[in-house]
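Below: one structure, written as structure tokens.
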Amino acid sequence: MKKHKIWLSSPHMGGAEQKYVQEAFDTNWVAPLGPNVNGFEKDLEDYIEENSKVACLSSGTSALHLALILAEVSNKDQVICQSMTFSASANPIIYQGATPVFVDSEKDTWNMCPIALEEAIKDKIVKGNKPKAIIVVHLYGMPAKMDEILAISKKYDISLIEDAAEALGSTFKGQKCGTFGDFSILSFNGNKIITTSGGGALVCKNKEDKEKAIFFATQARDNAPHYQHSEVGYNYRMSNIVAGIGRGQMEVLDEHIDYRRANNQFYKEVFKNIEGITVFEEATQDYYSNHWLSAIIVDESKTGFSREDLRLAIEKDNIESRPLWKPMHLQPIFKDYDYYGSNVSEKLFKDGLCLPSGSNLTDEDRIRIKKSINKVLNK
Ligand SMILES: *Cc1c(COP(=O)(O)O)cnc(C)c1O
């Protein structure tokens, strides 16, 4: 009999989710507002602290779109975006009719390189088009170099948008990811560290911005008894059913982080003393990653096999793994936009592989993973 599939990252329910969903049915709050939405927002605000105000939305992508709207990005503007990321970080720039400018990663965190960022800003200023916003991402839960990036955003007075979709619970110098930017976004998609099946949130610095976000997310209705609109609105609010799942997931978030971090330790053990393979980990004590996904870099010149060889080999044992995010400046849809940096993200993409990282991996799963990987290592 074929063994069950081991996924990269699959939903992991804690148990309380259905209670909150049942409450929504019992009270007939089957709508894109209600006690679960308010409760989930409060849970998130308490969790990420720093007096953040959270608006729950239909997805992380819609949260990013609203962040750009609140940062007043228009079709004349350029927006700087980390190249190495999921396309959802960049697509909302296009929704706004703005122009993306992609920036390379650095080797410590795999996130936006502060040097390439400043180079991009300076060049754009010389050309008479100062960028309107910066989108920085914390890939796989690893915090970006937030000291430097914040300093640059302040120095040039450019809004900072933090894509913390993968980094709920991660910290930089003790401060939670999602609290550094003028706006930050979270995702609760099916594969994230907590999931509501689909959903996201915009984290704001004050109540006014949160209210503005909710205004735009609920069709931009003016204060009138009839339907009156002075601005373009969106249908981006979170459903009260989905928010119930979120409230249940908040009860197990810290546990999920512990499990994911333990997976990272497991891979460090598996690849200990293996020349040519490095497990992605925090560069210094300043960084604390939730290790949403554990990833490795395979140096083929030392291992004799590529990341693709490894991926295909473990796939035969019904174990999912996946190359790192393919940089946006290499994507057919984005290849003609400006790019600043060298080949760091390209090289990471070429040699990097994400390994099964779910908080619901069992000891038995880990034994299978280890065996399967060892077959390749010992060839
Ligand atoms: C998942 C993800 C998003 C998008 O979130 P959705 O909720 O799926 O819309 C954005 N950015 C990054 C880096 C992500 O991983």
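A few remarks follow.
- Reported count of residues in segment 144-187, each being farther than 18 Å from ALA201 by Cβ and within 16 Å of the ligand (Cβ to nearest atom), is 3.
- Residue within segment 43-53 that is among the hydroxyl-bearing types (Ser, Thr, Tyr), more than 10 Å from the ligand (Cβ to nearest atom), surrounded by fewer than 19 Cβ atoms within 10 Å (Cβ to Cβ) and closer than 30 Å to GLU251 by Cα present: yes
- Count of segment 105-142 residues which are more than 16 Å from the ligand (Cβ to nearest atom), touching a residue at least 12 places away in the same chain (Cβ under 8 Å) and not polar (S, T, N, Q): 17
Conditions (1) at pLDDT below 95; (2) under 17 Å from ARG261 (Cα atoms); (3) among the aliphatic types (A, V, I, L, M), marked per residue:
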{"position": "ALA151", "(1), (2), (3)": "no, no, yes"}
{"position": "ALA167", "(1), (2), (3)": "no, yes, yes"}
{"position": "SER170", "(1), (2), (3)": "no, yes, no"}
{"position": "LYS176", "(1), (2), (3)": "no, yes, no"}
{"position": "THR179", "(1), (2), (3)": "no, no, no"}
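- Among the conditions (1) at positive phi; (2) within 12 Å of the ligand (Cβ to nearest atom); (3) among the polar types (S, T, N, Q), ASN91 misses just one, which is (1).
- Residue within segment 194-205 that is away from the ligand (no atom under 14 Å from the Cβ), crowded, with 23+ Cβ neighbours inside 10 Å and closer than 21 Å to LYS132 by Cα present: yes
The values are calculated or read from the model by the stated rules, or taken from the named source; none is laboratory data. This is a predicted model, so every value here is computed, not measured. Here the Cβ is made from the backbone with ideal geometry for all residues, glycine too, and neighbour counts use every protein chain on show.
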